[in-house]
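Heads up, the thing below is written out as structure tokens.
The values are calculated or read from the model by the stated rules, or taken from the named source; none is laboratory data. In this text the structure is predicted, and so the values were computed from the model without any measurement. Note: ideal-geometry Cβ built from the backbone for every residue, glycine included; neighbour counts use all protein chains shown.
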Amino acid sequence: MNTMLNDTWYCCNLGDAMLAAPALDGIEAQVLTALANDVNADGCAVYYRHESEGRLHCDLVVYFSPQAGRMPIEVKLRACAKPDKQGLSLLVGEASSWAIFFPEA
């Protein structure tokens, strides 16, 4: 059994989505650099979603797959539940990561 799918996901909230583009670009650049230096990058995917939780403005939340969350990047991550696929966008990773991490969808 592939334990990668049972591991902990990680996330970070970049705050107001209107102001989060530079931080999101920074995360993307760091992840791409980390992936370029990692021979075992399979299973690394980073997603993001605009979330409002009933507030007027939405936050941009970035989700890291279990293996991606272990990459050496300068972003403070917290453990979280696996995100629901609805509304997610793929930031970094292979298109096949959708079927790997969200096979039920």
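Descriptive notes on the structure:
- Scanning segment 41-67 for residues that are part of a loop (DSSP other than H, G, I, E, B), buried (at least 16 other Cβ atoms within 10 Å of the Cβ) and of a type outside the set (A, V, I, L, M, F, W, C) yields Gly43, Ser65, Pro66, Gln67.
- In this structure, Leu24 does satisfy being modelled with pLDDT of 95 or more and either in a strand (DSSP E or B) or touching a strand residue (DSSP E or B) at 6+ places or on another chain (Cβ under 7 Å) (or both).
A quick yes/no check of all residues on (1) in contact with a strand residue (DSSP E or B) (Cβ under 6 Å, 6 or more places away or on another chain); (2) closer than 27 Å to Glu104 by Cα:
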{"position": "Ala36", "(1), (2)": "no, no"}
{"position": "Ser65", "(1), (2)": "no, yes"}
{"position": "Arg78", "(1), (2)": "no, yes"}
{"position": "Leu88", "(1), (2)": "yes, yes"}
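- Output for segment 57-105, where each listed residue is of a type in the set (Gly, Ala, Ser) and closer than 12 Å to Ala45 by Cα: Ser65, Ala68, Gly69, Ser89, Gly93, Ala95, Ser96, Ser97, Ala99
- The set of residues from segment 36-53 being modelled with pLDDT of 85 or more and either more than 18 Å from Ser89 (Cβ to Cβ) or among the basic types (Lys, Arg) (or both) comprises Ala36, Arg49.
- Search result, residues across segment 68-102 that are closer than 18 Å to Glu28 by Cα, assigned to a helix (DSSP H, G or I) and of a type in the set (A, V, I, L, M): Ala68
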